[in-house]
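**Student:** Could you have a look at this structure, given as structure tokens, before my questions?
Just so you know, all these numbers are worked out from the coordinates, no wet-lab data involved. Model, not experiment: these values are computed from the prediction. Because the Cβ atoms are built from the backbone with ideal geometry, glycine has one as well, and the counts that use them run over all protein chains shown.
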Amino acid sequence: MNNPVALLRKVALAEAVSYLILLGIAMPLKYGWGMPRPVQVFGTIHGVLFLVFCTALVRVVFGGRWPMSRIVAVFLASLVPLVPFLMDRRMRAWVAQWGQVPAPTPR
């Protein structure tokens, strides 16, 4: 994939889904019904996806000219359930912007 922002967007959504499954299904099964196995499985999946997300974010950071505020916002969004889904529209716009030459700044 040539556009690292597109990969970041897809991984962010997958990581968000795994987070919701972990919090909304696996944790209640563990603490409500004494079934710890779903937390082990989905916790591992979520952990791996979070590491892939961080790697994809680093790839975007070193490959583009994103402002620090955007980088921090994307990272913090991954820590709060549902926020990655709310940021998806912006992420799609950033995917479209990737590789465009920025306009020169006036002096």
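**Student:** Tell me the relative contact order for the stretch 4-97 as a rounded percent, counting alpha carbon contacts under 8 Å between residues six or more apart. Could you put the intermediate results ahead of the total?
**Tutor:** On the way: 74 pairs, mean separation 39.1, N = 94.
Relative contact order for the stretch 4-97 comes out at 42 percent.
**Student:** Place the peptides 30-41, 7-18 in order of packing, highest mean first, counting for every residue the other Cβ atoms within 10 Å and averaging per peptide.
**Tutor:** Packing proxy ranking, top to bottom: 7-18, 30-41.
**Student:** Take the alpha carbon atoms of the chain, find their radius of gyration, then divide it by 2.2 N^0.38 Å using N residues; give the quotient.
**Tutor:** 1.27
**Student:** With +1 on the Cβ of every Lys and Arg and -1 on the Cβ of every Asp and Glu, and nothing else charged, how large is the dipole of the chain about its Cα centre, in debye rounded to the nearest 20?
**Tutor:** For this selection, approximately 280 debye.
**Student:** Another question, if that's okay. Helix-only mean residue ellipticity at 222 nm, the chain, DSSP H runs n ≥ 4 weighted -39,500 (n - 2.57), per residue, nearest 500. What is it?
**Tutor:** Only helices count here, giving -23000 deg cm²/dmol.
**Student:** While we're looking at this one, here's another question. Give me the distance between the Cα centres of the stretch 33-65 and the stretch 9-29, rounded to whole Å.
**Tutor:** Their Cα centres are 10 Å away from one another.
**Student:** May I ask you to sort 27, 68, 91 by Cβ crowding, counting other Cβ atoms within 10 Å and putting the fewest first?
**Tutor:** So the ranking, lowest neighbour count to highest, is 68, 27, 91.
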